[in-house]
Amino acid sequence: MIKAMGLKHKKMKKILFLFPVLALVSCYNAEHNCKDFKNGKFKFEFEVNGVKKVTFFERKDSIEIETFEGKTDTATIRWVSDCEYVLQKKHPKNMAEEKAISMKILTTAKDSYTFEFGMVGSEEKQRGTVHKVD
């Protein structure tokens, strides 16, 4: 009986130790102010084969106008939720550009957000960070 009570006491200590840890983890919530990024001017920097590239884009509700390496292109935006949308080029120049791109904002900060993107239907995803410039 005493041995069984000792085991119960040890289990209770473990539970009491884990409770504050679990409470702390459950309180951490990544910031999701996605609505703040539905409209505005943005900059996205990335690297291709060791070369830094920059694209600028302006988003107005359901339209996104992107400028990359001196070329401007327009895409439609279909918002799936406050933090998810699908981009579709309005004037695709090849088969690859005809495919829609799924975008998901993962976290937000004051003037930036981290997102995940990939072709619709593809399991392959990439991540990046966009900065608001206006």
Stretched fully, the stretch from I65 through R78 gains (0.36 nm per residue minus C-alpha distance, one decimal, in nm) 3.3 nm
Diffing region 67-72: the Karplus 3J(HN,Hα) column from phi (6.51, -1.76, 1.60, θ = phi - 60°), in whole Hz with x for Gly and Pro, holds 10, 9, 6, x, 10, 10
Carbon/sulfur accessible area of region 34-132, % of total, 1.4 Å probe, equals 50
So who's got an amide H within less than 5 Å of the one on T107, skipping anything under 5 residues away but keeping other chains? H placed 1.01 Å off N, in plane.
-> T114
Where Lys and Arg each count +1 and Asp and Glu each count -1, what net charge lies around K89 among other residues with Cβ under 10 Å from its Cβ?
-> -2
Under 19 Å from K104, Cα to Cα: aspartates and glutamates that are on another chain or at least 8 residues apart | E31, D36, E45, E58, D61, E64, E66, D82, E84, E116, E123, E124
Region 34-132: relative contact order from alpha carbon pairs under 8 Å, six or more residues apart, as a whole percent, is 20
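Take the cross-link list K35/K71; K43/K99; K53/K132; K71/K110; K60/K99 and give me the ones stretching past 25 Å between alpha-carbons.
Exceeds cut-off: K35/K71; K71/K110.
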Can you list the aspartates and glutamates whose alpha carbon sits under 12 Å from that of K93, skipping same-chain ones fewer than 8 residues off?
-> D73
Tell me, what ³J(HN,Hα) does each residue in region 47-59 have, in order and in whole Hz, if you take phi through Karplus 6.51 cos²θ - 1.76 cosθ + 1.60 with θ = phi - 60° and put x for Gly and Pro?
-> 10, 10, 6, x, 10, 6, 10, 9, 10, 10, 8, 10, 10
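The values are calculated or read from the model by the stated rules, or taken from the named source; none is laboratory data. Quick caveat: nothing in here was measured; it's all calculated off a predicted structure. All Cβ positions, glycine included, derive from the backbone under ideal geometry; neighbour counts span all protein chains shown. We work out accessible area using only protein heavy atoms, side chains counted, and drop any ligands, DNA or RNA first. Shrake-Rupley method; radii C 1.70, N 1.55, O 1.52, S 1.80 Å.
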